[in-house]
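Have a look at the structure below before the remarks.
The values are calculated or read from the model by the stated rules, or taken from the named source; none is laboratory data. For clarity, every value in this text was computed on a predicted model and none was experimentally measured. FYI the Cβ positions are ideal-geometry reconstructions off the backbone, even for glycines, and counts take in every protein chain you see. Just so you know, the surface numbers come from the protein's heavy atoms only, side chains and all, with ligands and any DNA or RNA stripped out. Shrake-Rupley method; radii C 1.70, N 1.55, O 1.52, S 1.80 Å.
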Amino acid sequence: MAVLTEEQTMLRDAAKGWTSESAPVGALRKLRDGKSKQSFDPAAWAEMGEMGWAGVIVPEDYDGSAFGYLGLGLILEETGRTLTASPLLSTAMIAASALQLGGSDDQKSAWLPRIATGGAVATLAVDEGSHHAPARTALTATKSGSGYVLNGTKTFVLDGEAADLLIVVARTGGAPGSTDGLTLFLVAGDAPGVARTHLSLLDSRGAARIAFDGVEVGADAVLGEVDKGWAVLEPVLDRAYAGLAAEMLGSASAAFDVTLDYLKTRTQFGQVIGTFQALQHRAAKWFTDLETTRSCVEAALEALDAQNTKGGADSRALASLAKAKASDLVHLASNEMVQMHGGIGMTDAHDAGLYMKRARVTEALFGGASFHRDRYARLMGF
């Protein structure tokens, strides 16, 4: 596991303190029960911006702190512990990475300072079906004069309803299934022809289905090179995989801590249930998987920090390894949390259900365990 610097430890501790006090699990319950169709609390996001969390990976020239992917991963882990609903992943990790990896100087200047201060929400619109399949993009971008016209639909777009900026993966050439002919475009969330529909997800968080009907953009909206968007998209997705895995690690860790406390206090048949050997074995397996996954997640984040280019096979493989392990881990953790709590774990009054629902969403988000095991094997030449 990574040996944290003093600054990284301070950042993690600050995140732990803020999430426990200002964004506990109860905040997600309030968001759910309020039925506002918001995917996050704007006030909480504003506080994150004030604390500098939105600019952790943004260069100092654009008002960020350039503190690295491991630093942002530590924050995401703490937000995962309390199921904090925020656009930290979609905006501070994914969109900020896309702009840095493929953006022009003008594009970076226009958006990175706003992202770094929490003044803008940005997201990646990539998938068009129920499964993560970026190469199957069918949304078209047709040349029109000096610009392009976008037609098609994206679905399960994180924080899509609230996004000021949409980074849209479109097809300017080739056929669905091919990584050739993809182009990334920057599109304003309120651009004419953009229609956003709220999707209520199992975990009480929000996403959007976004239809693009004759959306006109200029040549300056292209992020990177025309037809060569995969060169930017793939490393951006690696960062999405690693960042989400860090959040999932936090959720599984919190579920373990809550369950361990329960095992130490709940009595049955005149004994504390934590003395039952069968439960001890299950808890030991859970703890071992937690530590293994932590090593994988931190290795992926450190690999992203170590590279000065858009990525290589090692960072790609480590990102998929982290996401595959984290998907397996949250599935185990959420099941064990419910089962070891017995009857109370089946009720809505207990937080176990919230952790299970979030687990099921994050397992599938940006590809499940099988998707990433296959990708890892392919990248490693197995």
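For D227, the conditions (1) closer than 26 Å to P134 by Cα; (2) surrounded by 13 or more Cβ atoms within 10 Å (Cβ to Cβ); (3) under 23 Å from the mean Cα position of the chain (by Cα) are fulfilled apart from (3). Which one of these does E7 not meet: (1) over 23 Å from R114 (Cβ atoms); (2) open to solvent by 80 Å² or more (accessible area, probe 1.4 Å); (3) at pLDDT 95 or above? Looking at each condition in turn, E7 falls short on (3).
Which residues, taken from the stretch 263-283, are in a helix (DSSP H, G or I) and either under 30 Å from A98 (Cα atoms) or open to solvent by less than 60 Å² (accessible area, probe 1.4 Å) (or both)?
Narrowing the stretch 263-283 to residues in a helix (DSSP H, G or I): 263-265, 273-275, 277-283.
Passing the criteria: L263, I273, G274, L279, A283.
Among the residues making up the stretch 369-382, those that are part of a helix (DSSP H, G or I) and of a type in the set (F, W, Y) are F371, Y376.
Conditions (1) in a helix (DSSP H, G or I); (2) of a type in the set (D, E, K, R); (3) open to solvent by 60 Å² or more (accessible area, probe 1.4 Å), marked per residue:
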position	(1), (2), (3)
K325	yes, yes, yes
A333	yes, no, no
M337	yes, no, no
G342	yes, no, no
G345	yes, no, no
A359	yes, no, no
G367	no, no, no
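Just a yes or no: is a residue in the stretch 98-108 part of a helix (DSSP H, G or I), aliphatic (A, V, I, L, M), more than 22 Å from A246 (Cα to Cα) and open to solvent by 20 Å² or more (accessible area, probe 1.4 Å)? Looking through the stretch 98-108, none of the residues is part of a helix (DSSP H, G or I), aliphatic (A, V, I, L, M), more than 22 Å from A246 (Cα to Cα) and open to solvent by 20 Å² or more (accessible area, probe 1.4 Å).
For the stretch 254-262, indicate whether the set of residues that are open to solvent by 80 Å² or more (accessible area, probe 1.4 Å) and within 19 Å of G353 (Cα to Cα) is non-empty.
As a first pass, look at the stretch 254-262 and keep what is open to solvent by 80 Å² or more (accessible area, probe 1.4 Å): 261.
Restricting the remaining residues to those that are within 19 Å of G353 (Cα to Cα) gives 261.
The answer is yes; a qualifying residue exists.
If you go through the stretch 265-294 and keep only what is over 16 Å from E336 (Cβ atoms) and in contact (Cβ under 8 Å) with a residue 12 or more places away in the chain, you end up with just R294.
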